[in-house]
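Here's the structure we're looking at; comments come further down.
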Amino acid sequence: VRDRSGSLGRSRKGRWVADVFISYSRRDAEFVRWLHASLTDAGRDVWVDWEDIPPASEWAQDIDDSIDAAESVVFVITPDSLASEYCGEELQRAGKQGKRIVPIALDGADPAAAPPDIRQRNWIWCRADDDHAAALDALALALDTDLAWSRAHTRLLVRAVEWEKRGDRSLLLRGRDLAEAERTISENAGKDPTPTELQQHYLHESRSAATLPRISMVGSEGVGISPSTSG
């Protein structure tokens, strides 16, 4: 599977993923090309679409999967992206999946016109008269904050989504993986990105499945036959 930029990202359990998913309006492609080049030059894997999105459910699923598997979502804010149906759907998916969303705003961006979920975040301004190098530094800082937690959140989300899609209990976490996931969630409570309901449900079902065999074993051991005293 290739990312939107045509390059291959890192693989996680057979899926090619990226550090950053860029959501933007096609009318802002010139800026996004500069942003993409700046991020890739800094060693980041970037998922960005250079072509129109065809009305095909398979492509829409690919976008959803790529958002899920990206460590952060950079939303390029302009009047065009705020009015875009596709950008709105990508932003909604990122919010639903608890992804870290980093807004970078260009000329004409109006906080009052943005949806509440994006309006309340710290915007990085990168207008024509702004210091673009400083904006890139601010973006890098945002992307790298609590990076280990962001990666752990992404790994857990990808596994939870796969489990939900397939309904396969063999995909539940067990043993060390389960304990590590529970510990990580607990230690990073209150941080961005936030755990989703799906992730919490996945952990609950994993813990329940891990506990049941022990309960059954204890029950079977308790039902024994006393040794005979006759004889």
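Within the set of pairs 6 or more residues apart or between chains, which connect a residue that is closer than 17 Å to Pro116 by Cβ inside the range 85-103 to a residue that is part of a strand (DSSP E or B) and among the basic types (Lys, Arg) with Cβ atoms less than 9 Å apart?
Pairs that qualify, where the first residue is closer than 17 Å to Pro116 by Cβ and the partner is part of a strand (DSSP E or B) and among the basic types (Lys, Arg), are Ala94/Arg100.
Across the range 173-183, which residue is surrounded by the fewest Cβ atoms within 10 Å (Cβ to Cβ) among those that are touching a residue at least 24 places away in the same chain (Cβ under 8 Å) and over 12 Å from Leu156 (Cβ atoms)?
The residue in question is Gly175.
Exactly one condition in (1) at pLDDT below 90; (2) closer than 20 Å to Leu91 by Cα; (3) not aliphatic (A, V, I, L, M) is not met by Cys126; state its number.
Of (1) at pLDDT below 90; (2) closer than 20 Å to Leu91 by Cα; (3) not aliphatic (A, V, I, L, M), only one is false for Cys126: (1).
Are there any pairs with C-beta distances below 7 angstrom linking a residue in the range 142-165 that is farther than 11 Å from Ala69 by Cβ and in contact (Cβ under 8 Å) with a residue 40 or more places away in the chain to a residue that is open to solvent by 60 Å² or more (accessible area, probe 1.4 Å) and of a type outside the set (Phe, Trp, Tyr), with the two at least 6 apart or on different chains, and if so which?
Filtered contacts from the range 142-165: Asp146/Lys191; Trp149/Lys191.
Condition test on Gly88, is it in contact with a strand residue (DSSP E or B) (Cβ under 9 Å, 6 or more places away or on another chain) and either more than 27 Å from Arg159 (Cβ to Cβ) or part of a helix (DSSP H, G or I) (or both)?
no
What are the residues in the range 189-202 that are open to solvent by 20 Å² or more (accessible area, probe 1.4 Å), touching a residue at least 12 places away in the same chain (Cβ under 8 Å) and assigned to a loop (DSSP other than H, G, I, E, B), if any?
If the condition is that a residue be open to solvent by 20 Å² or more (accessible area, probe 1.4 Å), touching a residue at least 12 places away in the same chain (Cβ under 8 Å) and assigned to a loop (DSSP other than H, G, I, E, B), then Lys191, Asp192, Thr194, Pro195 are the ones that fit.
Can you confirm whether Ala138 is over 26 Å from Gly88 (Cβ atoms) and hydrophobic (A, V, I, L, M, F, W, C)?
No; evaluated as a whole, the condition is false for this residue.
Are any of the residues in the range 104-123 surrounded by fewer than 20 Cβ atoms within 10 Å (Cβ to Cβ), of a type in the set (S, T, N, Q) and part of a helix (DSSP H, G or I)?
For the range 104-123, residues surrounded by fewer than 20 Cβ atoms within 10 Å (Cβ to Cβ), of a type in the set (S, T, N, Q) and part of a helix (DSSP H, G or I): absent.
Kindly indicate the residue of the range 54-70 that is open to solvent by 10 Å² or more (accessible area, probe 1.4 Å) and not in a helix (DSSP H, G or I) and also modelled with the lowest pLDDT among those meeting that condition.
Pro54
The values are calculated or read from the model by the stated rules, or taken from the named source; none is laboratory data. All values reported here derive from a predicted model rather than from experimental measurement. Here the Cβ is made from the backbone with ideal geometry for all residues, glycine too, and neighbour counts use every protein chain on show. Areas reflect the complete protein model, heavy atoms only, side chains present, ligands, DNA and RNA absent. Shrake-Rupley method; radii C 1.70, N 1.55, O 1.52, S 1.80 Å.
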